[in-house]
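Below: the structure, in structure tokens.
The values are calculated or read from the model by the stated rules, or taken from the named source; none is laboratory data. Everything numeric in this text was worked out from a predicted model, so none of it was measured. Here the Cβ is made from the backbone with ideal geometry for all residues, glycine too, and neighbour counts use every protein chain on show. Note: areas computed on protein heavy atoms with side chains; ligands, DNA, RNA excluded. Shrake-Rupley method; radii C 1.70, N 1.55, O 1.52, S 1.80 Å.
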Amino acid sequence: YRRVIDQNPADLSNYTNLATVYQNKENYEGTVETLEKGLVAFPDESVLLLKLGETHYNKREYAKAVIPYEKYLTHGDSIPNVLKNLGISYFFEKREKEGLYLLEKYLLINPDDPIAGLYIGLCYKALKQLNESIEYLNFAAKIAIPYYLSDIYHHLGNTYGLNRDFKKSIIALQKAYELDTTRCNALFEIA
């Protein structure tokens, strides 16, 4: 594919195919390099922007994921997962208000997603809107699958503590520890 791209840089599928090969080999750098090279040949191509945003997001390179996701959305494409992933990326980049906007929009489309509820709660927590944070963290805890529950209850306990509601904080932190006994910091916070 690298040779084919050098000989025929005007074929979009060669870039996406080579990027997929790199992804299958878990070669992050090769994937990114191929997609960025494709964007030089095809500026603002939504397929490449989406794939680049997802590649960065999956590697937890949130700052790098923001740019291709934003460009993707400016072209009118609004796949729900892009709203969610960009909202989460905004949260990690301390852009909580922008994250809230996208995550709440996403939650209207997928109202049963505990991860969106968790990050909405975390955005509100970062913005010191503790009652809203508690509401969304409780929502996420009620619909979450067990894998995430410990994290959600831990954040809920912390938020109750910040809101000076220590009785509810202790209950939530105990639940976090009950769900994941390796979470020793919950014991410290309870004490």
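Here are a few things to note about the model shown:
- Those helices (runs of 4 or more DSSP H) lying entirely in the stretch 104-179 with at least 3 residues open to solvent by 60 Å² or more (accessible area, probe 1.4 Å): 130-143, 146-162, 166-179
- Output for the stretch 94-128, where each listed residue is more than 19 Å from His154 (Cβ to Cβ), aromatic (Phe, Trp, Tyr) and in contact (Cβ under 8 Å) with a residue 24 or more places away in the chain: Tyr106
Here's the yes/no breakdown for (1) within 18 Å of Ile88 (Cα to Cα); (2) in contact with a strand residue (DSSP E or B) (Cβ under 7 Å, 6 or more places away or on another chain); (3) modelled with pLDDT under 95:
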site	(1), (2), (3)
Tyr119	yes, no, no
Tyr124	yes, no, no
Leu130	no, no, no
Ala141	yes, no, yes
Asn163	no, no, yes
Phe166	no, no, yes
Thr182	no, no, yes
Ala186	no, no, yes
Ala191	no, no, yes
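- From the options Lys51, Lys64, Lys71, Lys84, residue that is assigned to a helix (DSSP H, G or I) and closer than 22 Å to Lys128 by Cα: Lys84
- Entry remark, the stretch 68-127: residues being farther than 27 Å from Val32 by Cα and of a type in the set (D, E, K, R) number 6 in total.
- Any chance Pro43 is over 23 Å from Val82 (Cβ atoms), outside any helix (DSSP H, G or I) and not hydroxyl-bearing (Ser, Thr, Tyr): no
- Filtered residues of the stretch 180-189 (kept if part of a helix (DSSP H, G or I) and either charged (D, E, K, R) or closer than 13 Å to Ile152 by Cα (or both)): Ala186, Glu189
- Residue identified as touching a Gly at 6+ places or on another chain (Cβ under 9 Å) and either open to solvent by less than 50 Å² (accessible area, probe 1.4 Å) or of a type in the set (Asp, Glu) (or both) among Glu36, Glu45, Glu61: Glu45
- Among the candidates Tyr177, Tyr136, the residue that is over 28 Å from Lys97 (Cα atoms) and either in contact with a Pro (Cβ under 7 Å, 6 or more places away or on another chain) or not hydrophobic (A, V, I, L, M, F, W, C) (or both) is uniquely Tyr177.
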